[in-house]
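First up is the structure itself, then whatever we jot down about it.
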Amino acid sequence: MSMNTFGRVFRFTTWGESHGPALGAVVDGCPPGMALDEAAIQPFLDARRPGTSKFTTQRNEPDQVRILSGVFEGRTTGTPVSLMIENTDQRSKDYGEIAQSYRPGHADYAYDAKYGHRDYRGGGRSSARETAARVAAGAVARAVVPEVSIVAYVSQIGADVIDMANFDAHQITQNPFFCPDPAAAMRWEALVDAARLAGSSIGAVVECVVTGVPAGWGAPIYAKLDADLAAAMMGINAVKGVEIGDGFAAASLSGEGNADPMRPGADGGAPQFLANHAGGIAGGISTGQPIRCRVAFKPTSSILTAQPSINSAGEAVDVRTKGRHDPCVGIRGVPVVAAMMALVLADHKLLHRAQCG
């Protein structure tokens, strides 16, 4: 059974563990003739890379990507693109104490219950380290959808939400939080640092806004664009909620309040929308409006604060996770959310082309 592959036409499979020799992805269904090399992929991995500030894990990985196949003379060949990222800074000894104990909130117990055998070093496949492979695959996907602009950012850490009146897209790359509100970024320094120093962690919300998607991508019922986006985002480590458009807030609106009224477009072109409560997707198909998605990340489960748990023998224990962990995993979730968005859009573009020409 293949549980490590995502997509229909543009498909990617990730492989590797947090503390293995390497991890990576195989991207299949990539159209031939696209310009691609390591330099086109590396900036996205650099954005996700650990150890870039005191607000992320201090694991020091260069995350240098190697293209092993599917590219010749700087262009894709139409065959599987194989990507590899070596692990160079593992400290497996940090996890010796949890070899037989389960970290509360982590996947330890669930993995043991399913497989009866687990790689406890850093969480194995359940580690957020796996997302480096997704980011690399997402960089390939971006070459398939050059007409699309994807902007992702942190809009909330803990209970502290950005002020949209202060939104400045240029600020997203100017602070360690991918935050478009400089005032919020300053507040978050103290907020995340307090969680780190306390040996605890804190949650976050990542928003992703996409422009340039034409009307028509997606399909009704079993290939809805928003359903695939929800599945892609929920598959990211530590994600516990996904909203498209107004999301849960739509439940408190009236029918007319939730509608996205339209008027004729200029010169008979695309209609003019007067609102975008649907987040750019209606009936599972893109409308041509900006696609808006919000992704909620829980606090990091691996914390220094001791928590009551059990071991594999069913005995009561207190678990305190050593090692190097993100005090707010949602921060480095920004490039992962953007990558999954690119991967889904690339798949749906090719699906649309296959059916509609």
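A few notes on this one:
- Calculated [θ] (222 nm, deg cm²/dmol) that DSSP helices of n ≥ 4 give over the chain, each run adding -39,500 (n - 2.57): -8000 deg cm²/dmol
- The distance linking the stretch 259-279 with the stretch 311-357 is 33 Å (Cα centroid to Cα centroid, whole angstrom).
- Helix 182-197 vs. the chain, principal-axis angle (Cα, 0 to 90°, nearest 10): 20 degrees
- Computed over the stretch 284-357, the ratio Rg/Rh where both radii use C-alpha atoms and Rh is Kirkwood: 1.24
- Once the Cα-Cα distance is subtracted from the 0.36 nm per residue extended length, the CYS356 to ASP37 segment shows a gain of 111.8 nm.
- Between the exposed loop cleavage positions of the chain, defined as GluC sites (Glu not before Pro) in a non-H, G, I, E, B DSSP state with at most 16 neighbouring beta-carbon atoms within 10 angstrom, the longest gap is 148-314.
- Taking the alpha carbon gyration tensor of the stretch 238-340, multiplying each eigenvalue by 5 and rooting it gives semi-axes of 45, 16, 10 Å, largest first.
- Projected onto their three principal axes, the Cα atoms of the stretch 254-300 cover extents of 52, 24, 16 Å, largest first.
- Between the Cα long axis of helix 38-48 and the first principal axis of the chain there is an angle of about 60°, rounded to the nearest 10.
- For the chain, the longest principal axis of the Cα atoms and the long axis of helix 131-144 meet at an angle of about 20 degrees.
Read-outs: derived from the displayed coordinates by stated rules, not from any lab. Owing to the predicted nature of the structure, the values given are computational and were not obtained by experimental measurement. Positions of Cβ are generated from backbone atoms using ideal geometry, with glycine treated the same way; all protein chains shown enter the neighbour counts.
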